[in-house]
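Have a look at the structure below before the remarks.
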Amino acid sequence: MADTAAAARTSGERIHFQIFEGRAAPVDPVPTAVVCPYDDVSLSGALQAADKELIVPLLVGHRETIEFAAGKIGRSLHGIEIVEASDDAEAAGAAVSLVHEHRARCLMKGHLHTDTFLHPIVSRSGGLRAGRRLSHVFVMDLPYHPAPLLITDAAINIAPDLATKADIVKNGIDLAVSLGIERPKVAILSAVETVNEAIPSSVDAAILAKMSDRGQIKGGIVDGPFAMDNAIDAQAAKTKDLHSPVAGQAEVLVVPSIEAGNILFKGLTFLGGAESAGLVMGASVPIMLTSRADDDRARVASASLALLYDHWCKTHGPLGD
């Protein structure tokens with residue numbers, strides 16, 4: 001993989017999602033409840049992931065609407081199970097039930113509101129909670145960058161407190177490890193790289209770093225605070241005289257708020273030419289929280305991540321190249 005990554009840095013080719021898809025190829029596809037695949041993109045993305053043998057889709061929602069969407073994209077649903085639900089809320093609840101019945105090991109959001117999709121998942125009675133706060137992790141495939149870059153949390157937790165940030169860090173480390181990053185370097189981002197009591201995110205970053213030092217957060221190397229430049233650029237870190245195994249080499253970026261994460265994610269996508277995929281972590285199964293703006297490629301890439309993470313959860317070891 002090192003040779004491939006070096007070539008990607010030189011050529012600008014985005015190759016990391018191809019690598020993940022290749023790693024996932026030997027593994028049996030993961031049964032996935034696809035909730036309300038009512039539009040062209042959400043249904044097409046799920047079916048393409050099935051074509052690549054990443055998932056076995058169970059389409060959950062109003063049968064006639066799903067069949068109409070299939071007709072629009074010219075796809076047959078022969079051999080694919082449809083679980084009937086009368087409305088979006090019922091479909092989301094039915095998908096959670098499929099997990100409890102051991103018929104699905106992954107969820108994929110289709111054409112419905114995120115709050116409706118997540119409501120039965122986070123329910124304290126019959127949901128899919130697994131002891132941590134749920135958080136979202138974007139995996140970014142950037143041109144001229146030698147490794148995938150994980151960003152969390154830019155989608156679920158609006159203004160996380162310290163305890164929530166600790167769960168966000170743990171979730172990010174778990175996904176990174178499942179993707180083959182043996183000991184992820186985690187940068188806790190702020191506006192500065194020194195602790196400033198007037199900037200609460202810098203204080204939280206220092207506490208999270210110390211929690212990692214004391215073994216309260218395991219599996220990665222956590223440090224902070226970092227500004228964005230000296231988290232990912234070795235020369236910027238050197239200029240600021242930062243001495244840390246994370247400085248300039250971060251593989252996971254933990255943002256202070258959903259606004260910061262959203263701006264960073266969209267900046268890298270629309271200005272930096274990045275492609276993205278992602279999962280909701282912290283539940284008992286991986287959850288693909290795709291956006292209506294995501295194309296088929298993002299959905300297929302997210303399915304690759306879900307399969308790799310599902311395999312890691314079952315075997316406690318990542319798949320190699």
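The values are calculated or read from the model by the stated rules, or taken from the named source; none is laboratory data. All of these numbers come straight from a predicted model, not from anything done at the bench. Cβ placement follows ideal geometry from the backbone for every residue including glycine, while neighbour counts extend to all protein chains displayed.
The table below lists the values:
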| quantity | calculated |
| --- | --- |
| Scope segment 225-253; condition closer than 22 Å to ASP153 by Cβ and out of contact with any Asp or Glu (no Cβ under 8 Å at 6 or more places or on another chain); matching residues | MET228, ASP229, ALA231, ILE232, GLN249, ALA250, GLU251, VAL252, LEU253 |
| Residue that is surrounded by the fewest Cβ atoms within 10 Å (Cβ to Cβ), among those in segment 245-268 that are part of a helix (DSSP H, G or I) and hydrophobic (A, V, I, L, M, F, W, C) | ILE263 |
| Residue satisfying condition, being hydrophobic (A, V, I, L, M, F, W, C), surrounded by fewer than 18 Cβ atoms within 10 Å (Cβ to Cβ) and farther than 15 Å from PHE17 by Cβ, within set LEU242, LEU271 | LEU271 |
| Residues of segment 53-92 classified as of a type in the set (Gly, Ala, Ser) and closer than 14 Å to GLY110 by Cα, total | 7 |
| From the options GLY93, GLY61, residue that is closer than 24 Å to ASP310 by Cβ and in contact with a Gly (Cβ under 8 Å, 6 or more places away or on another chain) | GLY61 |
| Residue check, PRO245 touching a Ser or Thr at 6+ places or on another chain (Cβ under 8 Å), more than 30 Å from TYR38 (Cβ to Cβ) and not assigned by TED's automatic domain parsing to the domain that holds HIS16 | no |
| LYS170 being within 30 Å of PHE117 (Cβ to Cβ), of a type in the set (D, E, K, R) and in a helix (DSSP H, G or I) | yes |
| Residue that is surrounded by the fewest Cβ atoms within 10 Å (Cβ to Cβ) [pool: residues in segment 133-174 that are of a type in the set (A, V, I, L, M) and more than 20 Å from ALA205 (Cβ to Cβ)] | ALA147 |
| Of all residues in segment 151-203 being aliphatic (A, V, I, L, M) and farther than 16 Å from PRO256 by Cβ, the one that is farthest from the chain's Cα centre (by Cα) | ILE181 |
| Selected residue [surrounded by fewer than 23 Cβ atoms within 10 Å (Cβ to Cβ), out of contact with any helix residue (DSSP H, G or I) (no Cβ under 7 Å at 6 or more places or on another chain), among the charged types (D, E, K, R) and outside the structural domain of LEU179 (by TED's automatic domain parsing)] from GLU67, GLU84 | GLU67 |
| Residue list for segment 15-43, filter: under 12 Å from HIS111 (Cα atoms) and surrounded by 21 or more Cβ atoms within 10 Å (Cβ to Cβ) | VAL34, VAL35, CYS36, PRO37, VAL41, SER42, LEU43 |
| Matching residues, segment 39-75, being assigned to a loop (DSSP other than H, G, I, E, B) and within 19 Å of VAL300 (Cβ to Cβ) | ASP39, LYS52, GLU53, LEU54, ILE73, GLY74, ARG75 |
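Every residue, every condition in (1) part of a loop (DSSP other than H, G, I, E, B); (2) touching a Leu at 6+ places or on another chain (Cβ under 6 Å), yes or no:
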| site | (1), (2) |
| --- | --- |
| ARG124 | yes, no |
| MET140 | no, yes |
| VAL177 | no, no |
| GLY180 | yes, no |
| GLU197 | yes, no |
| ALA236 | no, no |
